[in-house]
Amino acid sequence: VQDHLAVAEHRCHQETRCYPGRGGLRLNRGKRALCSDETRRASRGAMRIGATLLFACALAFAGARAEAEAETAEPTDALEPLTGASLDERVHRSSRVWAVLVTAAEGCPQCESMQSLVESAARMSKGLANFGVIDVLDADNAKALALGPTSQVPELRLYVDTGIPNAYKKSEFYRAFTPYAGQPSARGIKKAIYDAVLQDAPTEDLVAGGWKAWASKVEAAKAGVVAVSSKSATTALVAGLARALNGRAPVAQVLKFDPETHKDIAAGLGGLTAAPALLAYDPASAAWQAFPADKLSKAELAEVLAFVGEQCGMDNLETVAGTARASSGSKPAPDAAAGSGAGVLSTYDTYVEAVRRLKMPVVLAVRTAASGGEAPADWDKFRDKAHGTSAHIVYCDAVDPEAEPKLFEEVCAAESAADEPWVFRLFAFDGSRSAGTTRTSTVVKSLSQAKTDAMASMPEVVMPLTPGVFQNFAGMAVQSNQLPVVLFGKQKDPPAMLIALAAALQGLALVGYRGNPDPSELAELGLPAEMTPPLLLAMIAEPGDKPGETRMMLSMYDRLNYGKFSYLSMLSYAFQVAGSSLPEKTRTWIEEHGSQLGISFRDPEGDSGAASGGASPGGATAAGNIDTSLSFDDASVAIPKVDSVARWAELCPDKAESGQMMCVIGVYDGDALNSQLDSQLAVLQAAREKLLATPAGGARLRFVWVDGTCHQEFLGQFELEPAGLPGVVVYHPKKRAAFKMVASYEATKVEKFLTSVVSGFGKSVIQLDAEPTFDEIDCDALRAPDVAEIVDDDDEDDLLAEIRAEEAREARERKEALKREMEELERQKKAAKEAEEAASKKRRRRRRRRKPSSSEKDEL
């Protein structure tokens with residue numbers, strides 16, 4: 001009854017629905033007047049006049065009941081008040097589901113009605129979601145909500161998916177929301193939240209026989225949750241728990257639990273005999289702890305989440321992993337026990353490896369007193385933006401002179417009398433020094449000055465390029481046995497990360513920069529028109545068709561594989577391409593200079609170590625361990641056909657040997673009567689040979705083809721239809737994303753499409769929720785009746801003779817019928833002509849008759 005009355009009250013105010021405008025709240029009907037008390041009273045009065053007696057009684061009952069409840073109800077805190085500042089902290093960075101009511105504190109009566117509904121839904125949701133309210137009349141709040149001129153209030157926003165860092169404002173997070181569009185009722189809001197939580201919940205189904213693999217996964221993660229239920233569907237509580245954990249701990253569910261059927265699961269959970277149950281893995285005791293069974297049915301999400309956090313040793317479960325911030329707004333400081341990977345140097349050996357061996361700039365933050373905290377202010381921000389500059393910390397107040405005499409003497413002794421808790425020392429770029437020798441440093445006042453001085457110490461070896469000099473630039477690099485690398489940017493001057501890259505790769509790569517290039521310059525290099533700066537590419541010299549001729553091939557920086565541009569990602573890309581085009585030069589260069597860059601390398605066998613240890617140029621581990629030694633396809637053999645589940649798992653596995661592999665799937669009509677199948681495969685083979693000859697294509701692509709008319713359900717997962725064959729789709733198993741070619745099936749367009757995908761500029765992206773499934777279908781048996789009708793005829797020659805005779809007879813009949821039609825047409829035309837001539841003669845005779853003159857009339 002309460003819901004229905006609230007719905008009636010909500011509908012009463014639809015005519016006066018308000019939205020933010022200049023000078024306050026304007027009427028939704030376009031009037032400039034404010035939603036003043038007089039306007040609201042006039043609107044209500046007009047509606048009451050036309051209301052029925054039943055509706056008037058309902059409103060009266062609602063008013064009486066509201067007054068009665070107001071006298072007895074306690075103040076509610078179901079909706080958390082939010083502001084523009086707390087929206088990012090509490091909602092955008094939270095892993096919990098949020099329902100935020102966007103309302104106006106004044107001049108909006110329907111907002112009050114909607115707020116009462118949301119409060120009722122909050123009390124009914126058992127803590128499955130957090131509920132908040134925010135006032136748009138505050139300018140800061142409206143700015144944080146990104147309200148437009150047509151935004152309306154009240155609006156209920158549902159935040160289900162976790163937030164992600166804002167690509168443009170890294171200090172903030174972005175979180176997508178869905179406006180509530182259902183009926184204005186508490187039960188409708190609750191149902192919408194439950195449905196959203198259950199949809200695509202990040203849980204795993206644990207079935208009989210799967211306990212061993214699951215237990216290994218939990219032990220590796222040192223955390224895990226298992227929900228056991230006698231029902232056949234996931235509960236909202238388990239789905240909400242999985243979303244709140246946000247990958248910190250794997251969550252599995254056992255549906256329709258039976259102790260006899262699920263013997264391995266019951267034994268692994270300590271002899272579980274009944275459902276429901278919820279258990280969390282305790283890594284300290286290596287045992288599963290159960291949530292109290294008598295409280296599970298009425299437990300709220302916050303209680304279960306606290307239980308999991310306590311058992312698994314996790315905290316900050318209200319926030320997205322890695323986004324918790326201190327009250328000051330800065331990121332958590334690195335832990336001193338984290339070692340040199342977090343920037344903290346605690347021994348002399350780590351100091352030598354991280355500082356003295358390098359030629360690149362190093363900033364050393366020396367703490368002289370514990371009052372300085374774990375890290376200087378803005379330390380993480382400095383490390384993120386210090387292109388090519390390493391940053392490390394030494395806690396001199398905690399260094400024992402007896403245990404680490406060399407570290408104390410070389411680093412801490414000079415700072416013992418410092419007044420400030422932090423002293424910053426800069427080791428400038430030094431490309432002429434030998435590894436391991438002593439480096440001199442200077443004291444700088446702040447991290448910003450350290451960043452500026454570090455960049456100033458790097459040599460500016462980036463070559464500015466102008467139109468028409470690309471061939472000369474590439475020829476210069478080839479003659480000096482270096483890799484030509486060019487960045488096309490939007491700014492006039494080269495960015496700091498490119499300057500650092502060129503300084504780091506002196507002797508291995510020749511780096512150039514072209515600012516604001518004209519589209520014609522990119523077209524001359526063979527780049528598609530849709531590619532716009534910034535673009536990073538390397539030029540690879542290959543033998544031409546004639547003796548002594550050299551042909552330049554382009555290798556594009558793939559954003560899908562390397563991510564956004566940064567010093568480390570660009571460095572990894574350069575090493576990958578150099579290792580493919582100049583393997584011996586790259587290996588020798590790494591052995592001599594790799595240890596001075598402050599990163600480590602990985603060899604093709606997977607062993608990692610310092611660059612000086614003779615590792616191959618597989619890629620910098622700090623940038624993702626890109627391995628150039630892998631090759632997924634061989635253009636010299638025919639394109640394999642996927643015709644079974646095992647074949648699909650073999651050629652395009654969900655967990656490939658390298659996360660950079662992508663499957664190029666050609667989809668065709670595989671019927672034996674398709675005479676164009678060979679020519680269609682030849683088009684894909686030609687593109688295959690060209691793409692596999694490039695470093696990026698050879699290290700990423702594997703070509704297969706599928707009979708699309710037979711495996712139509714498989715096509716549907718990539719949004720393809722049999723009517724659109726032939727076609728090409730590229731599937732990325734690691735990212736579970738697919739790129740569909742929407743152009744016509746031609747050799748040039750297929751090659752252009754694949755080049756754009758490998759280069760990181762693929763369009764028509766399809767995000768898959770799960771790994772594509774391939775069904776076992778006997779295509780020959782499926783088409784057997786059609787083939788047998790033609791092939792298995794014993795008297796095929798007679799049949800063909802009869803067909804030809806029938807066709808000849810039909811042709812004669814058509815010819816005779818056409819002759820008769822022509823004769824009839826001629827007869828009709830002749831008759832019409834004769835009739836026209838007769839009518840014409842008759843008209844002429846009538847005109848020859850002379851009319852009597854006026855004088856003759858008078859005589860008569």
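The values are calculated or read from the model by the stated rules, or taken from the named source; none is laboratory data. Keep in mind that what you see is a predicted model, and the values were worked out from it rather than measured. Here Cβ is always computed from backbone atoms with ideal geometry, including for glycine, and neighbour counts include all displayed protein chains. Just so you know, the surface numbers come from the protein's heavy atoms only, side chains and all, with ligands and any DNA or RNA stripped out. Shrake-Rupley method; radii C 1.70, N 1.55, O 1.52, S 1.80 Å.
With the other protein chains left in place, how much accessible area per residue, in square angstrom, belongs to segment 631-781 at a 1.4 angstrom probe?
44
Between ALA839 and LEU860, take the C-beta separation as r, use R0 = 30 Å, and let me know the FRET efficiency to the nearest 0.05.
0.35
Using the Cα centre as the reference, give the magnitude of the dipole from point charges on the C-beta atoms of segment 274-318 (Lys, Arg: +1; Asp, Glu: -1; all else neutral), rounded to the nearest 20 debye.
Around 200 debye, computed over segment 274-318.
What are the semi-axes of the equivalent ellipsoid of segment 73-164, taken as the square roots of 5 times the eigenvalues of the Cα gyration tensor, listed largest first and rounded to whole Å?
Ellipsoid half-lengths, sorted descending, are 19, 18, 11 Å.
How would you order 217-223, 466-472 from highest to lowest mean count of nearby Cβ atoms within 10 Å?
Final packing ranking: 217-223, 466-472.
Considering only Cα-Cα distances, which of the following residue pairs are longer than 24 Å: LYS217/LYS734; LYS190/LYS295; LYS143/LYS490; LYS585/LYS735; LYS191/LYS231; LYS359/LYS451?
Pairs exceeding the cut-off: LYS143/LYS490; LYS585/LYS735.
Sorted by mean Cβ packing within 10 Å, highest first, what order do the peptides 578-587, 227-236 take?
By packing density, highest mean first, the sequence is 578-587, 227-236.
Please compute the contact order of segment 468-592 in relative form: average sequence separation of alpha-carbon pairs under 8 Å and at least six residues apart, divided by the residue count, as a percent.
26
For a quick protection proxy, order the peptides 94-107, 348-361 by their average other-Cβ count within 10 Å, most packed first.
So the order, starting with the most tightly packed, is 94-107, 348-361.
When the convex hull of the Cα atoms of segment 405-499 is projected onto a plane and the area is averaged over all directions, what value comes out in nm²?
For segment 405-499, averaging the hull's shadow over all directions gives 9.2 nm².
Normalise the Debye intensity by I(0) for segment 146-244, one equal point scatterer per Cα, no solvent, then take log10 at q = 0.13, 0.15, 0.18 Å⁻¹ and round to two decimals.
Values, matching the q order: -0.69, -0.84, -1.02.
Label 7 Å along Cα→Cβ of ILE766; segment 681-722 residues with amide nitrogen under 11 Å?
Inside the label zone: 713-722.
Give me the Debye-computed log₁₀ of I(q)/I(0) at q = 0.16 Å⁻¹ for segment 194-323, equal point scatterers on Cα only, no solvent, two decimals.
-0.74
With a Förster radius of 25 Å, plug the Cβ-Cβ distance of GLU530 and ASN472 into 1/(1 + (r/R0)^6) and report the FRET value to the nearest 0.05.
Calculated value: 0.35.
Please go through segment 470-537 and write out the GluC sites (Glu not before Pro) that DSSP classes as loop and that have at most 10 other C-beta atoms within 10 Å.
GLU530
For ASP430 and ASP380, what does the FRET efficiency come to when R0 = 25 Å and r is the distance between their Cβ atoms, rounded to the nearest 0.05?
0.45
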